[in-house]
Amino acid sequence: MKKYYISILVFTLLSFTACNKNQVFSQTQTTNMTGSELLSQLIKYEKEHTEDFCSKIDLANYFITIGDYSTSDDYLTRAESIINKCPSGKKGKEYKTLLYGMKAHILLYQGNPEEALKYADLAIEQDKKKNIHYNYIKGHIYISQNNNSKALEIFDETYQKVPDQLLAEDERAYMYLLADANRIEEAKTILEKYFENGTYFYGLGIFASSIYEELKDFNKSLLSAFLDYEYNSCFSDFDEQSFFSNLDKIVSTYSSAQDLFSIQQTVQFLKSIYDKSIIIDYESDFFVADYIKYIKKIQNNTFSSFDVDGFLKLENNYSSFPSYYWNAWNGFINVDPTQKSTYTPLLNKIILLGSNRYSTAARSELGKLAGLSEEDCSKILLAEEVDSLLSQYVINNDENLLIPIFELLSLPDNIYEINAVSIIKRYAFNMALRKEMEKKFNDSKGRLTERLSYILL
């Protein structure tokens with residue numbers, strides 16, 4: 001998702017002000033409605049004002065940011081059909097840029113690169129100087145057509161002019177293009193920018209390893225390869241022996257290398273994560289080495305209050321790793337076991353990364369802190385999970401999405417149930433949801449009945 005798209009609904013509302021003068025719309029803006037209530041009112045407003053161009057663009061903008069490309073495309077199609085209603089001047093150009101830019105993005109996603117190119121060019125034409133960064137989209141389109149040489153040409157030209165507008169997903173594409181062109185030093189530069197700005201994905205460590213290996217930086221190559229082992233182990237079964245075997249093969253491969261001793265030291269350092277009998281002093285300023293050093297301290301119960309800030313500084317590099325947050329949780333509570341409640345955001349982040357090796361344990365820890373039994377711990381939902389389920393329900397009316405919410409509402413009193421009730425009441429305006437809750441109310445008993453009764457008031 002491009003960052004030049006407005007990413008939150010609140011920000012989107014700012015653009016309504018200059019475009020819509022309708023008094024009804026202004027009243028909608030000034031209410032105290034939040035979240036789904038406001039979204040529902042904006043959708044209603046757009047339906048009642050079929051000639052309003054800007055509301056369609058703003059809603060398309062909202063839906064593309066949450067990944068609902070189909071709904072976004074519907075609003076873009078409606079907007080394009082009344083493009084003569086687009087306001088004039090600077091504001092109109094901004095709205096047309098959004099229309100064409102989003103259309104290009106969606107068409108690329110849908111596998112229609114020819115049309116995507118046309119819309120990317122239309123976006124650029126609205127302001128050729130200001131909108132030059134849309135060339136990065138064109139680069140992605142050429143990649144989808146397997147025209148990597150043209151894509152690289154576009155990226156090179158655009159990066160030379162607006163390097164500060166190279167976004168994380170552009171960095172990801174650009175570094176691979178540079179590597180394929182054997183421009184390894186430049187690929188390393190963009191790779192290290194991506195390490196700082198981008199979200200980790202499986203395969204990134206192996207790619208980085210190959211880049212550093214080409215540059216004869218074998219230690220960073222080995223440490224980068226570890227990243228993929230660490231990441232993958234969070235989401236699938238992990239065979240330590242296979243990992244050890246692969247490390248030994250690397251040592252064998254480079255047995256005649258001048259820096260063999262350094263390679264052996266790095267291999268032993270990596271093995272020491274899983275084999276506590278290996279004790280080794282290792283020096284490196286690479287962020288992967290820093291992470292491993294902290295893990296070893298946590299494993300050996302030598303992690304102290306002096307290490308907390310340093311470990312937190314690594315979050316930017318490991319925000320996609322459930323293992324990072326699980327290690328942080330264990331390290332921090334060992335420093336001060338009385339502050340468990342303070343560190344619960346670490347457990348929340350594990351859960352919000354999706355089903356993983358640590359999510360069940362994280363949910364269990366949260367449930368126990370809330371005073372629940374082990375069985376009930378598995379039924380708690382974070383506020384973000386409740387909101388996500390309800391948002392999906394509003395869009396597609398799948399009653400199965402409500403099952404985990406009703407299970408949560410059946411639990412003994414706890415903070416997660418209280419938060420859920422508050423969130424559900426904000427969604428209770430939705431008639432389909434209301435009917436489902438009334439149906440469940442009539443079939444339920446005990447705590448669930450009491451909570452649904454309160455929600456339906």
Exercise. Test Ser304 against the stated conditions and say whether it is modelled with pLDDT of 95 or more and out of contact with any Leu (no Cβ under 8 Å at 6 or more places or on another chain).
Key: yes
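For (1) open to solvent by less than 40 Å² (accessible area, probe 1.4 Å); (2) under 20 Å from Lys193 (Cα atoms); (3) among the polar types (S, T, N, Q); (4) not in a helix (DSSP H, G or I), each residue gets a yes or a no:
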residue: Ala116; (1), (2), (3), (4): yes, no, no, no
residue: Ala123; (1), (2), (3), (4): yes, no, no, no
residue: His133; (1), (2), (3), (4): yes, yes, no, no
residue: Gly139; (1), (2), (3), (4): yes, yes, no, no
residue: Glu157; (1), (2), (3), (4): no, yes, no, no
residue: Asp164; (1), (2), (3), (4): no, yes, no, no
Quiz prompt | Criterion violated by Leu408 - all others in (1) touching a helix residue (DSSP H, G or I) at 6+ places or on another chain (Cβ under 8 Å); (2) not in a helix (DSSP H, G or I) satisfied | solution = (2)
Quiz item: Is the stretch 215-226 home to any residue that is farther than 16 Å from Thr266 by Cα and either open to solvent by less than 10 Å² (accessible area, probe 1.4 Å) or small (Gly, Ala, Ser) (or both)?
Solution: no
Quiz item: Counting only residues that are in contact with an Asp or Glu (Cβ under 7 Å, 6 or more places away or on another chain) and in a helix (DSSP H, G or I), which one in the stretch 418-450 is nearest to Lys379 (Cα to Cα)?
Solution: Ile423
Practice problem: From Glu192, Glu185, grab the single residue that is open to solvent by 70 Å² or more (accessible area, probe 1.4 Å) and modelled with pLDDT of 95 or more. | Solution: Glu185
Quiz item: In this structure, does Lys96 turn out to be crowded, with 22+ Cβ neighbours inside 10 Å, on the phi < 0 side of the Ramachandran plot and free of Cβ contacts under 8 Å to residues at least 60 places away in the same chain?
Solution: yes
Practice problem: Return the total of residues in the stretch 260-301 being hydroxyl-bearing (Ser, Thr, Tyr), outside any helix (DSSP H, G or I) and either within 20 Å of Gly331 (Cβ to Cβ) or touching a residue at least 24 places away in the same chain (Cβ under 8 Å) (or both). | Solution: 4
Quiz item: Filter the stretch 353-387 for residues that are among the hydroxyl-bearing types (Ser, Thr, Tyr) and open to solvent by 20 Å² or more (accessible area, probe 1.4 Å); which is farthest from the chain's Cα centre (by Cα)?
Solution: Ser373
Exercise. Any residue in the stretch 320-339 that's small (Gly, Ala, Ser): show its pairings with residues that are in a loop (DSSP other than H, G, I, E, B) at Cβ separation under 7 Å, as long as the two are six or more apart or on different chains.
Key: Ser320/Thr199; Ser320/Tyr200; Ser320/Leu353; Ser323/Cys234; Ser323/Tyr358; Gly331/Phe303
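The values are calculated or read from the model by the stated rules, or taken from the named source; none is laboratory data. No experiment lies behind these values; they were computed from the predicted model shown. Note that each Cβ is placed from the backbone with ideal geometry, even for glycine, and that neighbours are counted across all protein chains shown. Heavy atoms of the whole protein, side chains included, go into the accessibility calculation; ligands, DNA and RNA do not. Shrake-Rupley method; radii C 1.70, N 1.55, O 1.52, S 1.80 Å.
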